[in-house]
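The values are calculated or read from the model by the stated rules, or taken from the named source; none is laboratory data. Fair warning: this is a prediction, and the values are worked out from it, not measured in the lab. Here the Cβ is made from the backbone with ideal geometry for all residues, glycine too, and neighbour counts use every protein chain on show. Ligands, DNA and RNA are stripped out before the accessible areas are found, and what is left, the full protein with its side chains, is counted by its heavy atoms. Shrake-Rupley method; radii C 1.70, N 1.55, O 1.52, S 1.80 Å.
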Amino acid sequence: MPILLLVRHGENKFVKEHRLPGRIPGIHLNKRGRKQAKRVAKFLQSAPIKAIYSSPLERTMETAYPIARPHGLQVIPRDGLIETDIGKWQGKKLKKLQKLEAWRKIQHNPSRFRFPNGEHIEDCQHRIVQEIENLAGLHASHDMIVCVSHADPIKMLVAYYLGLPLDMYQRINVSPGSITSLMIGEFGSQLLTLNYDLSLRFAKH
């Protein structure tokens, strides 16, 4: 049963500006995002990681590189880990999108939703699950591997392996720079951690 560490990329200007980046090229981590990536790398530096895979987009690769460095591993880009193709919604501000009828559909009935000129949510889940199954098949039992991806694909993976309906995946939260871990086996899967956010801080009283 390989152990998968699913890492969401760190913050970038689109996250901060509440815009949807989709697959737009050239989006890099901002200062906070780079700190998040370093924090994840430090946390995982003593973990017995066998391989590190990443969505090929810049923000994910830039999150993966610091994780790989202490282990002497190469980051392996995988198209199957890429962000959902959100079509015409790329670059749009959430504030505007939230006024659309289509926004309510993706929040409450995403299993029947296709992004305008983009990917169907069911196709996205199938793609990311197939990619994880393929990667798991490359590794021995109890190997630990890192997959750096994006919020929605990670949420859809968690929903699938927990047996949740796809329409419930929006109830799962995956923060920038967080770690979600799954153990996948022939006879079932286990969620070990969900949205473990290393940047979480509490005010002192």
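Things to note:
- Positive end of the dipole of the range 88-205 (Cβ unit charges, origin at the Cα centre): among Met156, Leu94, Asn134, the Cα lying farthest that way belongs to Leu94.
- Residue among Ala64, Ala102, Ala140 with the largest mean-square fluctuation in a Gaussian network model of the chain, springs linking Cα atoms under 10 Å: Ala140
- Residue-span extension gain [Lys35 to Lys13] - 0.36 nm each, minus C-alpha spacing: 6.5 nm
- Each residue was assigned an accessible area with a 1.4 Å probe, and for His28 the value is about 100 Å².
- Amide proton proximity set for Asn12, modelled H, under 5 Å, gap of 5+: Asn30
- Among the trypsin sites (Lys or Arg not before Pro) within the range 64-150, those in coil by DSSP and having at most 13 neighbouring Cβ atoms inside 10 Å are Lys99.
- Burial ranking of peptide ranges 4-13, 186-195 (average Cβ count within 10 Å, highest at the top): 4-13, 186-195
- Listed cross-link partners Lys35/Lys96; Lys38/Lys105; Lys42/Lys105; Lys96/Lys155 are compared with a 32 Å cut-off, the Cα-Cα value being larger for Lys38/Lys105; Lys42/Lys105.
- Accessible surface of the chain, 1.4 Å probe, proportion on carbon and sulfur as whole %: 51
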